[in-house]
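Every read-out reported here was derived from the displayed coordinates using simple, explicitly stated rules and does not represent laboratory data. Keep in mind the model is a prediction, meaning the values are calculated, not measured. Cβ placement follows ideal geometry from the backbone for every residue including glycine, while neighbour counts extend to all protein chains displayed.
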Amino acid sequence: MDDSWDAVVLHVDMDAFFLAVELLDHPQLSGRPALVAHRGGRSVVLSASYEARGFGIRSAMPLAHAMALCPGVAVVEPRHGRYTEVSRQVMGILGGFTPVLEQLSIDEAFLDVSGARRRLGTPARIGSLIRAQVRERTGLPCTVGAAATKSVAKIASTRAKPDGLAVVPSARTREYLDPLPVGALWGVGPVLGQRLVAAGLTTVGDLAAQSPQRMERWLGVQGPALVRLARGIDPRPVTPEHDTKSLGVERTFDEDVRDPAELHRHLVGLSHEGAIRLRRAGFRAGAISVKVKAPDLSVRTRTLTLATPTDSAGPIAEAAEGLLRALQQAHRVPVRLLGIRAERLSGAGEAVQESLLWEDERPAADWSQADRVADDIRRKFPRAGLRPATLVDRQPPADGGSGRKELR
């Protein structure tokens, strides 16, 4: 055992996660330029294969630009439910190595494996075991960076991609960091990176050599923090996953929507998608928020607290309909983006305080049993295309042919 480590932090990052999941189900795309994106005039790339990246395609790039860079690129519609399912599987594997796990996003996490070293061995061996288990049990590649701090572990994994392992022993942290370009530092984006390079600070070592006081005069409180990170000082612990505060789904339309009936149909679809996600995650919503973005990119939201927490699409759609009506009455403008967010989440197993109704009030219809039957059908027959009757006649494509859904 290498005793030069005070702590061992791993950063595990799935490689081109959405695209890699799609390759499991579409192996014919393996080795080809491919990307995941909704088809539409305002769509952006969600994930790209490394072959596509060779043409300059990157995540968050407009789809039209990506297709111009590589006209033959394969475009796969995203399936967020599938990605969530695989993400849970991956996080379950990581949780088997240590309970000290902090999930950063659907496809990356920090692990503090300091307490697992006696049982599992060196950081390099633990990283190798993780990569092997993830590959064996999911069929997916991942990259692991190991270091004494979160920031260095993340830098190491970024530079080891794809499908790699990088280990930075505690005693060699400065040796590893100093020659790196300053843009490699966690928290230095393109704009700040250009400012630092223009000031002659081209490497992490250049930044580490600066006086924290001088950097504070230049960049404010961010300055000393960057100097500390450049010196490999990052006291932030790995914090087990924070409670989920909210869960939502949005749709950006290819063409701005004016028709109230069409907005209603989209709202129903979003309500059902959000309810399905709530049930999969084991939550109920205590409040519903509706978000509307206008063509001038101004954003308006309204929120309603529910009488009883729910994971059923009916009450969510009813609340969202009232909120949307209020938003449209206040500002009747075309809609570029429509979103629903479930807030004040509670566990589905928690006791519910029923509302106290006056004698002439009747409780809303209980759709929960019907929703769960529908969930069972979807699990058994994933291609059944089960959807609300409201959407049958002229249903907007489920994943954005007339717009794209974005999970937040």
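Computed 3J(HN,Hα) for the stretch 198-211, one whole-Hz value per residue from the Karplus formula 6.51 cos²θ - 1.76 cosθ + 1.60 where θ = phi - 60°, is 4, 8, x, 9, 8, 10, 4, x, 4, 5, 4, 7, 7, 6, glycine and proline marked x. When peptides 205-213, 145-153 are sorted by average Cβ neighbour count within 10 Å, with the highest value leading, the order is 145-153, 205-213. Here the 3J(HN,Hα) profile of the stretch 301-308, calculated from phi with Karplus coefficients 6.51, -1.76 and 1.60 at θ = phi - 60°, is 9, 9, 10, 10, 7, 7, 5, 9 Hz, Gly and Pro shown as x. Rg over Rh for the stretch 51-116 works out to 1.16, using Cα positions for both radii and the Kirkwood form for Rh.
State, as an integer percentage, the relative contact order of the stretch 7-169 based on alpha-carbon contacts under 8 Å between residues 6 or more apart.
Values: 315 pairs, mean separation 47.4, N = 163.
Once divided by the residue count of the stretch 7-169, the mean separation gives 29 percent.
By the count of other C-beta atoms within 10 Å, a proxy for reagent exposure, ARG284, ARG159 are ordered fewest to most as ARG159, ARG284. Close amide H pairs (under 5 Å, H built 1.01 Å from N) link ASP311 with ALA285, residues at least 5 positions away or on another chain. Seen from every direction in turn and averaged, the convex hull around the alpha carbons of the stretch 7-169 projects onto 9.2 nm². Here the extension length gained between ASP25 and ALA68 equals 12.9 nm, from 0.36 nm per residue of separation less the Cα-Cα distance. Taking amide H as placed 1.01 Å from N in the peptide plane, VAL8 has its amide H under 5 Å from the amide H of VAL113, SER114, each at least 5 places away in sequence or on another chain.
Taking the convex hull of the alpha carbon positions in the stretch 178-230 and averaging its projected area over all directions gives 3.0 nm².
Counting other beta carbons within 10 Å of each residue's own, what order do ILE106, ILE126 fall into, fewest first? Spell out each step's value before the answer.
Values: ILE106 18, ILE126 23.
Lowest to highest Cβ neighbour count: ILE106, ILE126.
Distance cut-off 28 Å, Cα to Cα: go down the list LYS154/LYS245; LYS161/LYS293; LYS154/LYS293; LYS150/LYS245 and report the pairs above it. The partial results should precede the final answer.
Numbers: LYS154/LYS245 25 Å; LYS161/LYS293 36 Å; LYS154/LYS293 34 Å; LYS150/LYS245 24 Å.
In this structure, LYS161/LYS293; LYS154/LYS293 exceed 28 Å between Cα atoms.
What FRET efficiency, computed as 1/(1 + (r/R0)^6) with R0 = 35 Å and r the Cβ-Cβ distance, is obtained for GLU85 and LEU180, rounded to the nearest 0.05? Walk me through the numbers before you get to the answer.
Values: r = 36 Å, r/R0 = 1.03.
Working from the Cβ atoms, E equals 0.45.
Quick note on the stretch 116-160: its Rg to Rh ratio, both from C-alpha atoms and Rh being the Kirkwood radius, is 1.00. Rounded to 0.05, the FRET efficiency of the ALA261 and ALA171 pair, given R0 = 60 Å and the Cβ-Cβ distance, is 0.35. Stretched out straight at 0.36 nm per residue, the stretch from TYR50 to LEU104 would grow longer than its current Cα-Cα span by 17.2 nm. Residues whose amide H falls under 5 Å from that of MET61, counting only those 5 or more places apart or on a different chain, are VAL45, with hydrogens built in the peptide plane. Converting phi to 3J(HN,Hα) with the Karplus coefficients 6.51, -1.76 and 1.60 and the offset θ = phi - 60°, the stretch 82-95 yields 5, 5, 5, 4, 5, 4, 4, 5, 5, 5, x, 5, 5, x Hz in sequence order, with x at every glycine or proline. Ignoring solvent entirely, what values of log10 I(q)/I(0) come out of the Debye formula for the stretch 139-192 at 0.25, 0.30 Å⁻¹ when each Cα is a single scatterer? These q points yield log10 I(q)/I(0) values of -0.98, -1.20. Please work out the FRET efficiency for the pair ARG236 and THR301, using the Cβ-Cβ distance as r and a Förster radius of 35 Å; give the result to the nearest 0.05. Efficiency at R0 = 35 Å is approximately 0.65.
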